[in-house]
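The structure appears below as structure tokens.
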């Protein structure tokens, strides 16, 4: 489920009739001070991070003076929640609180219906007060039942005017959640001020992943549940997935530094959810910190696996590359092997890699990796479904130890010089192009025709395609295999360039 920050959630609630504190988000200390001056009086500054217990980690502070606002904002914007930096703070007027309440909308999967959870006490510690909460059933179309709302509010001991406002807040919660197709919407606390108004002091909203495309106004970049705002690499990876639906590609960053006492940070590449989780457990149990979770499954194209590997290797300080997923994947594993082999060669891999590609054509996949390993500065070992994740994790640990503490430094890919030669021949493919050194064509023609499955053929002494351009464009995986096999055969003159928008710029390289 895609998450929203507090300030984004409050804007949705305000649009649906809730009162929210005056304030706005700030991405630097100057903006925070300007917001505080506009508000006047005492303000609260809160980190905008997808975590609970912000006060306990120094993420909530009160201030009256601009210098204090600046100091708090500067400190908070230098914080990290988990491994990821705080990118914004919310500066709001301080609320004069009389009472606190808890309101939460959620989807009850068992009942297959919405439910509202209400408590006459909000704020921190609500989880420990679960026994005092009430569940208010909702009709999918009409919302909470009036009788259930009246009963819940009636036990709060409020004057009639306040009871009416509170009941209306419960009804508006359903309307607000439905307006954005929220999977959950929590207001904690909803406060009754000493002046007699109900105000949203804090909120958390998650949006159903499948609804994100229908709500572009929310500005959600990635329709997936993360515990942090999307990183630059996650944005790049998501764009790859959206541009190529052949198989699945899921990428999430988990850590940017190895944990204390860890053997090092590892780039993780799985295939198949259950097998990937088991494999990730194995590498963690072997003493490593996992930098990312990646899954390429569902019969992905070789090009997609190549891009996944490039993105994994855009993370610095890795001590190795560990690939392992399902041992019975119903996909042709040699395509994944070709994708990995191309990425490893282009990036001149100098940290060990252990890859388990169990399933269809696993012997061919292992052979591709073993042959490519001979061209690299670090060992790449391929394994089959009969090799357990625990065993290969142990082997990975041995290879990392033998590497003597070497750590990966991201770099742009190696590109043959002839690509920049205006005399070279170029054919477009899906999100990329094929380059052929025209001057070497007579020498490499026979091998290229064979390795490409005669997608590239000779015509009047020059390279040509055997398919119309729109059909050739979909053969990027086959042409990637030709790229790798040509490299393994020691041939120069054929290169498949595959775009990954934003990646080279991120790591400071250019093609």
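Please treat every number below as a calculation from the coordinates, not as lab data. Note that the structure is a prediction, hence the values are computed from the model and not measured. Here Cβ is always computed from backbone atoms with ideal geometry, including for glycine, and neighbour counts include all displayed protein chains.
Side notes on the structure shown:
- On Cα atoms only, tilt of 476-488 relative to the major axis of the chain in degrees: 50 degrees
- Helix axis angle, 362-373 relative to the chain longest principal axis, alpha carbon, degrees: 80 degrees
- Taking all Cα pairs closer than 8 Å and separated by 6 or more residues, the relative contact order of the chain comes to 10 percent.
- Rel. contact order, % - alpha carbon contacts under 8 angstrom, at least six apart, segment 97-218: 28 percent
- With 10 Å bins from 0: P(r) over segment 417-507, alpha-carbon pairs, percent: 17, 52, 26, 5, 0
- Our Cα-only numbers for segment 321-386 put the radius of gyration and Dmax at 10.8, 32 Å.
- Packing-based exposure ordering (other Cβ within 10 Å, fewest first) of 306, 7: 7, 306
- q = 0.10, 0.17, 0.19 Å⁻¹, segment 232-402: log10 I(q)/I(0) [Debye, one scatterer per Cα]: -0.30, -0.95, -1.24
- Of the residues 241, 197, the one with the fewest other Cβ atoms within 10 Å heads the list, and the complete ranking is 197, 241.
- Reported to the nearest whole Å, the Cα centre-to-centre distance from segment 61-115 to segment 222-284 is 27.
- In degrees, nearest ten, helix 160-179 long axis to first principal axis of the chain (Cα): 10 degrees
- Fewest neighbouring Cβ atoms within 10 Å first, the residues 451, 269, 245, 5 line up as 245, 5, 451, 269.
- All alpha carbon pair distances within segment 138-190 were sorted into 5 Å bins beginning at 0; the resulting P(r) in whole percents reads 4, 18, 28, 25, 16, 7, 2.
- Given (1) 102, 66, 47; (2) 65, 52, 46; (3) 91, 49, 48, the label whose value is Cα extents along the principal axes in Å derived from this model: (3)
- Relative contact order (%) - criterion: Cα under 8 Å, at least six apart; region: segment 417-507: 33 percent
- The shape of segment 23-93 can be summarised by an equivalent ellipsoid whose semi-axes, obtained from the alpha carbon gyration tensor, come to 19, 11, 10 Å from longest to shortest.
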